[in-house]
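*Asks:* Quick one: the structure is below, questions incoming.
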């Protein structure tokens with residue numbers, strides 16, 4: 001089972017168990033439920049898609065990923081009439097070095113067609129310009145009142161944890177990088193900058209969870 005940059009996992013089951021836990025949290029808070037029209041950014045190997053299908057009688061699910069192989073696998077094994085996977089051929093120095101620039105990308109969904117968006121470790125691999133574009137596209141496709149749950153490295157909470165796996169010592173415009181050579185390897189932000197980024201796309205940040213972890217969950221709601 002692949003995840004990330006071709007990593008081989010020995011404990012595949014734990015990946016899907018984590019997906020079930022992520023979706024349980026979203027359901028419990030009322031961000032997603034039956035009849036939802038769901039968008040997942042960074043669908044990967046389908047761990048959250050599996051959990052959503054198990055726990056939610058959704059109307060539609062659209063998963064986006066830059067990894068063509070993962071998208072092909074998900075289409076073959078998880079796709080159906082209401083569960084669709086899309087390859088976004090976008091540039092990432094780490095994940096897809098031959099792809100097109102992110103700022104020209106348009107999500108393959110109609111305006112106001114999404115009621116819930118999910119992104120686990122997606123924004124944590126986007127430099128500020130690309131993150132801002134994704135936030136704008138989320139603003140376009142999310143209906144008023146719709147929710148989103150997206151994880152970030154927020155420096156406000158993780159500075160005391162830096163030095164083991166991550167350092168984020170490289171300054172960049174609007175963010176800090178783990179690697180100057182491979183910027184998308186890991187990207188960290190200040191909470192105020194994330195709030196402003198979403199506000200420009202008509203979202204309110206209604207909560208920040210997991211403040212004691214390496215990544216924080218930022219919960220957003222599309223304004224009316």
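*Asks:* Report, by residue number, each residue of the stretch 180-194 that is surrounded by 17 or more Cβ atoms within 10 Å (Cβ to Cβ) and touching a strand residue (DSSP E or B) at 6+ places or on another chain (Cβ under 7 Å).
*Replies:* Residues satisfying the conditions are 183, 184, 186, 187, 188, 189, 191, 194.
*Asks:* How about the stretch 117-145: which of its residues are crowded, with 24+ Cβ neighbours inside 10 Å and either in a strand (DSSP E or B) or free of Cβ contacts under 8 Å to residues at least 40 places away in the same chain (or both)?
*Replies:* Of everything in the stretch 117-145, those that are crowded, with 24+ Cβ neighbours inside 10 Å and either in a strand (DSSP E or B) or free of Cβ contacts under 8 Å to residues at least 40 places away in the same chain (or both) turn out to be 117, 118, 119, 142.
*Asks:* Kindly provide the set of residues from the stretch 64-96 that are within 15 Å of residue 48 (Cα to Cα) and part of a helix (DSSP H, G or I), ordered by number.
*Replies:* 70, 71, 73, 74, 75, 77, 78
*Asks:* If I ask for residues that are part of a helix (DSSP H, G or I) and either surrounded by fewer than 22 Cβ atoms within 10 Å (Cβ to Cβ) or touching a residue at least 40 places away in the same chain (Cβ under 8 Å) (or both), which ones from the stretch 20-46 would you list?
*Replies:* 20, 21, 22, 24, 25, 26, 27, 28
*Asks:* Counting just the residues of the stretch 74-97 that are touching a strand residue (DSSP E or B) at 6+ places or on another chain (Cβ under 8 Å) and farther than 22 Å from residue 131 by Cα, which one comes out surrounded by the fewest Cβ atoms within 10 Å (Cβ to Cβ)?
*Replies:* By that ranking, first place goes to 82.
Readers should treat all values here as calculations from the given coordinates under stated rules, not as data from a laboratory. Predicted, not measured: the structure shown is a model, and the values here were computed from it. No Cβ is skipped: glycine too gets one built from the backbone with ideal geometry, and neighbour counts run over all protein chains shown.
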